[in-house]
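Computed from the coordinates by the stated procedures, all read-outs in this text should not be read as laboratory data. Since the model is a prediction, treat every value here as computed from it, not as a measurement. Cβ: placed from backbone, ideal geometry, glycine included. Neighbour counts: every protein chain shown.
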Amino acid sequence: MCSATCAIRSYSYFKMTKKTVKKFIAPIISNREIAPGYFLLDVKMPGARQTVVPGQFFNIKITSGITPLLRRPFSAHKIEKDAVKILYKVVGQATTMLRDKKCGDTLDILGPLGNGFSIPAAGRRGTAFLVGGGHGVAPLYALAERLKGHTDITVLIGGRSREHIIGAGEFRKLGAEVLVATDDGSSGHRGFVTDILEGQLRRIFDAKKGGVLYDRGYTKNDAHTRRSAAVYACGPAPMLSAVSKIAEGYTTPCQVSVEEYMGCGTGICMGCAIDTTSGKKLVCRDGPVFNGKDIVWKT
Amino acid sequence: MENLKITIGRLTLKNPLIAASGTFGYGEEMARLCDLSGLGAIVTKTITLEPREGNPPPRIVETPAGMLNSIGLENKGLKDFMFNKVKFLEKIDARIIVSIAGGSMAEFQTLAETVSGLRCVAAIELNLSCPNVIHTLQSSRYQLIAQDRKATAAVVRAVRKKTRLTLITKLTPNVTDITDIGKAAEDAGSDALSAINTILGLSIDIRTGKPRLGRIVGGLSGPAIKPVALRCVWQLSRAVKIPIIGSGGIMTGSDALEFIIAGCRAVQIGTAHFIDPEASSKILDEIKTFLRKNRIRDIMSLVGTLAGKGD
């Protein structure tokens, strides 16, 4: 019986340095519906590509008034040279007001905030599994863009039905393999996206029982060509919990982007606390990206 | 140039704006987001003797024109404050008020005595009014110390013995008569009152039938509570002689001026900092503009000038 620890080698990571936070007034370039209920907001942010790390978020004041009172956090979906695209779903009062914003309107934005995904060091070969539930795919596109060329990318998207599968085409354009799961089977696998992940990791795991997986044509003497895998996920907490446990079962490193109600987004109010193996952590300051195994999951 | 200087006990502030406890961290966290030099003083996040984990999530929910919080005094304790937080506080221009909460008289005294030994600390604010923890001070039918006039007086007296710093008592609006508690604090030796802490509230998610906060109830803050806060400080200003520091939903310069007219010598900015870390400097500019327009030389001449305030 092969020990799980030898199956898949983990990535080595850059240490992401914390970038400066700033508040800016951003003109809206466009704000359009890309699927029923899902919108893509494009705002100007000079130097975005230099400053924003995939997985980081922006805390946006949608109106200057007191309704809604607090800022709302949104992750960066696409990071361009001087602009940031934000993918959001209209769910409540704040996102309804955001939907009505037009080209030329401005938004008061604080960010980029938090710690993004750790990107594997250049030159490392392997497969990155990007798992998104619903509009949880939002930060994964920016991540896929950064991973492109470093690793093979497989994107796993889950949703209630076909209409809730967002961004599949965009990921394919990047050259990623896209696998879909829907609750009702209206697109792709019928069931959970985590079923697909489990199958994918098992395939890699089984391919070289008792050893690591090598690139085709190489032997274990070529240590630098060892295959590696990593999982990155964003979506509802039960999905993240399941993804994290599956990844841990295959000793695959797993980063998850967590959502929690936030007061300030800057670590001051201590509102977005979650339980981790090393005590309470703040999603806005210590996350939103955490190692899956560090979180004490409730489900 | 308008005179914005005010005094509270032995504490002189260059302007009447104070960052409220729990909305400004220990200064350092905010320093990378805004310029601290515009503030008259900063009240630290409340420290307790031992570290506290705080309440279960969710801890924050937005409500109409306000927010409910249930943080539960999460902090790393006195030792961490002394070793890790003071270093930064020593460097800044704003005066430092340390907010403390104890589980016993002895804890209150230890906290007060220890922070009084620090050169950078200008005053102590007694947090007797956090609605998200139940006090363990003495057998009492009240959940908060500041709901119990005897307990309030006892804490103020005990701390008074241990410090010569300006002592500020933070009151809760969750009482029948706030002036009763305010007078008890004044008689026990408090140099000033701070009002109000948050109002106990509840928010329910009808889809699940569950409360939106982990601890069910939480403290309401933001513009929604401003009228209640104004009423409280106005009542206090007529009942006590010591200065009052007003807070509750101040978002703009005119909000702050309302509190000053109602009888406050200084005001605390809280929830506004969550939305805009630079809120205080904007509020200060708006106050200056108002004073200039109305040819008011000294902000002190505006304190407690509410017209038609007869009984």
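At-a-glance table
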{"read-out": "Choice from B:Thr152, B:Thr166, B:Thr176 with maximal GNM fluctuation in chain B (Cα, 10 Å cutoff)", "value": "B:Thr176"}
{"read-out": "Ranked list, fewest to most other Cβ atoms within 10 Å of each Cβ, for B:Cys120, B:Cys130, B:Cys34", "value": "B:Cys120, B:Cys34, B:Cys130"}
{"read-out": "In the stretch B:158-243, trypsin sites (Lys or Arg not before Pro) in a DSSP loop with at most 14 other beta-carbon atoms within 10 Å", "value": "B:Lys161, B:Arg164, B:Arg207, B:Lys241"}
{"read-out": "Longest to shortest principal axis, alpha-carbon extents of the stretch A:22-113, angstrom", "value": "32, 29, 24"}
{"read-out": "Amide H contacts under 5 Å for A:Tyr232, placed H, 5+ residues apart", "value": "A:Phe129, A:Leu130, A:Val131, A:Gln255"}
{"read-out": "Calculated from backbone phi, Karplus (6.51, -1.76, 1.60) coupling profile of the stretch A:263-274 in Hz, x at Gly/Pro", "value": "x, 10, x, 10, x, 8, 7, 6, x, 9, 6, 10"}
{"read-out": "Calculated from backbone phi, Karplus (6.51, -1.76, 1.60) coupling profile of the stretch B:276-284 in Hz, x at Gly/Pro", "value": "9, x, 9, 3, 4, 5, 5, 4, 4"}
{"read-out": "Order of B:Ser99, B:Ser194 - criterion: other Cβ atoms within 10 Å of each residue's Cβ, fewest first", "value": "B:Ser99, B:Ser194"}
{"read-out": "For chain B: rounded, prolate or oblate by the Cα gyration tensor [a/c cutoff 1.5]", "value": "rounded"}
{"read-out": "For the stretch B:34-87 versus the stretch A:224-299, the gap between their alpha-carbon centres in whole angstrom", "value": "24 Å"}
{"read-out": "Span from the the stretch B:165-201 Cα centroid across to the the stretch A:124-199 one, whole angstrom", "value": "56 Å"}
{"read-out": "Ratio Rg/Rh [Cα only; Rh per Kirkwood] for the stretch B:136-256", "value": "1.03"}
{"read-out": "B:Cys264 long-range amide H proximity, modeled H, under 5 Å", "value": "B:Gly304"}
{"read-out": "With eigenvalues of the C-alpha gyration tensor scaled by 5 and rooted, the protein assembly as shown, Å", "value": "50, 26, 21"}
{"read-out": "Note, ³J(HN,Hα) from phi for the stretch A:101-109, Karplus 6.51, -1.76, 1.60, rounded to Hz, x at Gly and Pro", "value": "6, 10, 3, x, 5, 10, 10, 8, 10"}
{"read-out": "The stretch A:22-113: relative contact order as a whole-number percent, Cα under 8 Å and 6+ apart", "value": "42 percent"}
{"read-out": "At most 15 other Cβ within 10 Å, DSSP loop - trypsin sites (Lys or Arg not before Pro), the stretch A:101-207", "value": "A:Lys102, A:Arg160"}
{"read-out": "Average beta-carbon neighbours from other chains, 10 Å sphere, peptide B:22-34", "value": "3"}
{"read-out": "Gyration tensor (alpha-carbon) shape descriptor, the stretch A:110-210, a/c threshold 1.5", "value": "oblate"}
{"read-out": "Residues with amide H under 5 Å from that of A:Ile62, placed H, sequence gap 5 or more", "value": "A:Arg72"}
{"read-out": "Candidate lysines for bridging to B:Lys150, where Cα separation is under 16 Å - those fewer than 8 sequence places away on the same chain excluded", "value": "B:Lys170, B:Lys183"}
